[in-house]
Amino acid sequence: MRLQPIEEPRGLIMRVAYWMSRRQLGAVMSPLKVLYARSPKLGRLGYRMQTVVEKGLVLDEETRLLVTTHASLINGCGFCADLHLAQVVQAKLGLEKFRALEEFATSPHFDDRERSLLAYTEEMTRHRKVADATFERLRAHWNEREIVEITWLNAVGNYYNLMAVALDIESDGLLDIALARMGAVR
């Protein structure tokens with residue numbers, strides 16, 4: 001990590017955020033200790049964005065996690081991939097499909113609808129532009145509101161990835177903690 005984590009935050013709000021992270025994930029996640037302890041206003045923004053992700057979209061949880069996990073893996077964000085895979089375990093979605101993301105185009109775990117979603121996510125993440133054919137394939141399976149939400153969700157995921165990668169924030173072992181809490185093994 002490029003910045004030393006702050007283990008003892010100032011202020012009640014940050015202490016509550018650390019407690020909530022520890023309770024929900026089993027550990028205080030590094031972005032709280034590196035980013036938001038230094039700039040609590042950014043933490044409030046992040047919290048609002050996460051509230052929209054979890055409660056303000058029509059996309060179901062599996063779709064949201066497919067988009068964010070795929071983008072995180074493409075961007076090489078170890079922290080974000082670890083967090084999203086822990087969320088997969090907590091939601092009891094099964095890791096097998098998510099472990100097959102790199103082979104989504106040929107894997108039997110994905111249907112055409114999911115492949116269109118993942119191709120769009122990949123192209124947007126890698127190139128920032130999307131070919132007309134990729135967009136038309138997406139449009140064949142998703143309505144306009146869903147397309148807007150998929151696009152926004154991927155942009156938000158890339159935003160978080162960029163911060164974590166630039167500051168060298170790596171895995172907190174959240175997947176292992178989630179598996180242990182569920183009594184499962186990696």
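Throughout, read-outs are computed from the coordinates displayed, never taken from laboratory work. Keep in mind it's a predicted model, so treat the numbers as computed, not measured. As a convention, Cβ positions derive from the backbone with ideal geometry for all residues, glycine included, and neighbour counts pool all protein chains shown.
Worth a mention:
- Output for region 51-62, where each listed residue is surrounded by 13 or more Cβ atoms within 10 Å (Cβ to Cβ) and free of Cβ contacts under 8 Å to residues at least 24 places away in the same chain: Val52
- Residue that is surrounded by the fewest Cβ atoms within 10 Å (Cβ to Cβ) [pool: residues in region 132-186 that are part of a helix (DSSP H, G or I) and touching a Ser or Thr at 6+ places or on another chain (Cβ under 7 Å)]: Arg137
- Of all residues making up region 111-131, the number that are within 19 Å of Glu62 (Cα to Cα) and in a loop (DSSP other than H, G, I, E, B): 1
- Any chance Tyr159 is more than 15 Å from the chain's Cα centre (by Cα), among the hydroxyl-bearing types (Ser, Thr, Tyr) and under 27 Å from Ala86 (Cβ atoms): no
- When region 106-139 is filtered for residues that are within 14 Å of Thr68 (Cα to Cα) and hydrophobic (A, V, I, L, M, F, W, C), the ones remaining, listed by number, are Leu117, Leu118, Ala119, Met124.
- Of the candidates Pro40, Pro9, the single residue that is crowded, with 20+ Cβ neighbours inside 10 Å, more than 18 Å from Phe79 (Cα to Cα) and out of contact with any Cys (no Cβ under 7 Å at 6 or more places or on another chain) is Pro9.
- Arg126 being touching a helix residue (DSSP H, G or I) at 6+ places or on another chain (Cβ under 9 Å), farther than 29 Å from Arg22 by Cβ, of a type in the set (Lys, Arg) and exposed (fewer than 14 other Cβ atoms within 10 Å of the Cβ): yes
- Qualifying positions in region 66-122 - polar (S, T, N, Q) and closer than 23 Å to Ala155 by Cβ: Thr68, Thr69, Ser72, Asn75, Gln87, Ser116, Thr121
- Taken over region 76-123, the criterion of being surrounded by 19 or more Cβ atoms within 10 Å (Cβ to Cβ) and either in contact with a Gly (Cβ under 8 Å, 6 or more places away or on another chain) or β-branched (Val, Ile, Thr) (or both) is satisfied by Cys80, Asp82, Val88, Val89, Thr121.
- Output for region 2-38, where each listed residue is of a type outside the set (A, V, I, L, M), in a loop (DSSP other than H, G, I, E, B) and out of contact with any Phe, Trp or Tyr (no Cβ under 7 Å at 6 or more places or on another chain): Arg2, Gln4, Pro5, Glu7, Glu8, Arg10, Gly11, Gly26, Arg38
- Those helices (runs of 4 or more DSSP H) of region 43-110 in which at least 2 residues are under 30 Å from Arg15 (Cα atoms), considering only elements entirely within it, cover 61-75, 78-90.
- Verdict on Arg48 being closer than 23 Å to Val165 by Cβ and without any contact (Cβ under 8 Å) to a residue 12 or more places away in the chain: yes
- In this structure, Thr68 qualifies as under 30 Å from Arg99 (Cβ atoms) and in contact with a His (Cβ under 9 Å, 6 or more places away or on another chain).
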